[in-house]
Amino acid sequence: ITSALTIAVTTEYSEKTVTVTADAEKVTVSAPEKVVERADTEITFTAAQGYGVKSVTVNGTEVTEQLTGEGSVKTLAINGVTEDLAIVVTMEALTYTVTINNDDGCTVVADSTSVQAGASVTITITLKEGYELDALYVNGKSAWLDKATRVGLVNSLNMEKAAGKEKS
């Protein structure tokens, strides 16, 4: 250096706003209100029972495929935030498929083959003449609480003997 130097530095602290639009009865969102510009952030979506994330957009761009996580908890990582974030999450009721595996000695019918979480389905078992109900399985597990009386089922199922349909 051959002469005096004058160095001037200016800094700017910039924050970006995070706004989340979601149905609070269907999902809990954990997100910062502000993010330092160029910083990384994560937003966590915890679905209420019976719901799942249908879609997530950030500033109008679909990002659902970028979600990570299992079950009811999903996380969105956003790297290097450079603008305010407008996040919209849309939830949907979970739907379950009812699959019936009939036996030669009976006919089993469900009143619906697709059921939303929290709803019920009625299963009707009609035994052929000469047959009696020996076992009942739900999701591969025995559903009888008391095989001798054939009363009570696990998984919140309800069943009553159909008069004259079942031989004891």
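Net charge dipole, the chain: roughly 500 debye, given to the nearest 20, about the Cα centre with Cβ charges of +1 for Lys and Arg and -1 for Asp and Glu.
Measuring r between the beta carbons of residue 95 and residue 37 and using R0 = 45 Å, the FRET efficiency lands at 0.65. Convex hull volume per residue, computed on the Cα atoms of the chain, equals 174 Å³. Compared with the rule-of-thumb size 2.2 N^0.38 Å for a compact globular protein, segment 31-99 has a Cα radius of gyration ratio of 1.25. When peptides 82-88, 68-74 are sorted by average Cβ neighbour count within 10 Å, with the highest value leading, the order is 82-88, 68-74.
Ranking 13, 131 by solvent-accessible area of protein heavy atoms (1.4 Å probe, all protein chains present), from largest to smallest, gives 13, 131. Heavy atoms only, probe 1.4 Å: what % of the accessible area of the chain goes to carbon and sulfur, would you let me know? Ligands and nucleic acids excluded, carbon and sulfur give 47 percent.
The values are calculated or read from the model by the stated rules, or taken from the named source; none is laboratory data. These numbers come from a predicted model, not from an experiment. Glycine also receives a Cβ, built like all others from the backbone with ideal geometry; neighbour counts cover every protein chain displayed. Surface areas here come from the heavy atoms of the whole protein model, side chains and all, with no ligands, DNA or RNA. Shrake-Rupley method; radii C 1.70, N 1.55, O 1.52, S 1.80 Å.
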